[in-house]
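The values are calculated or read from the model by the stated rules, or taken from the named source; none is laboratory data. Worth saying up front: this structure is predicted, and the values here are computed from it rather than measured. A quick note on method: Cβ atoms are made from the backbone with ideal geometry, for glycine too, and the neighbour counts reach across all protein chains shown. We work out accessible area using only protein heavy atoms, side chains counted, and drop any ligands, DNA or RNA first. Shrake-Rupley method; radii C 1.70, N 1.55, O 1.52, S 1.80 Å.
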Amino acid sequence: MSLFYRLCSMLGSARSVQTTLKSAQTYYQTFKTTLRSAETAAFNVTLDKARRGDPAAQCDLGEDYYEGTGVPQDYGEAFKWFQLAAAQGHARAQCYVGMMYFVGRGVPRDQIEGCKWLQLSAAQGNKAAVNGRDIASKKLTPEQLAEAMRRAAAFVPQKSAPLSTETRLNG
């Protein structure tokens, strides 16, 4: 095969590759747009459930804000949603609230209150809370630990009232 035919063949292949790359880019952009729409729809469904007082949805929103998944990371907003779920007895949310209080992330540091929430979550079998409570307990004085356990023993879960639609959204 002559050099001319080889070059023509390679040029045709290069054009084919360019066309394939353009098609792939178009598909990728369409996929990103579709994924963004699906994430927004899922977030809005979760937000609606959370506003109506669903503790699992409230905890999920707290995690979204805590980790910055689909929304800007905001520890204060995360704490708000975790607190709503934790007050209803949601173990995973109680663990987050406990850790956030204990280290002062998104809320003023309060190690006694942190240990209280870790104890409540640990009592429901949350393994992360058991570990966190055990570590936290060693950092408190006996009096502080007794106060944390007293607060945990006095805790009574409360059903969350529905929230208004003005609840802050980031994004």
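When the residues of segment 50-68 are filtered to those that are of a type in the set (G, A, S) and in a loop (DSSP other than H, G, I, E, B), which remaining residue is least open to solvent (accessible area, probe 1.4 Å)? Don't jump to the end; show me each part of the working.
Filtering segment 50-68 down to residues of a type in the set (G, A, S) leaves 50, 53, 56-57, 62, 68.
From what is left, the residues that are in a loop (DSSP other than H, G, I, E, B) are 53, 68.
Working: G53: 1, G68: 31 Å².
Restricting to residues being of a type in the set (G, A, S) and in a loop (DSSP other than H, G, I, E, B), the top hit is G53.
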Please determine whether any residue of segment 69-80 is open to solvent by less than 20 Å² (accessible area, probe 1.4 Å), touching an Asp or Glu at 6+ places or on another chain (Cβ under 6 Å) and touching a residue at least 24 places away in the same chain (Cβ under 8 Å).
yes
Scan of segment 125-162 for residues that are of a type in the set (V, I, T) and either under 22 Å from the mean Cα position of the chain (by Cα) or over 16 Å from E113 (Cα atoms) (or both), ordered by number
V130
Any residue in segment 121-140 that is closer than 23 Å to P157 by Cα sitting within a Cβ distance under 9 Å of a residue that is part of a loop (DSSP other than H, G, I, E, B) and open to solvent by less than 30 Å² (accessible area, probe 1.4 Å)? List the pairs, counting only those 6 or more apart or interchain.
Q124/G89
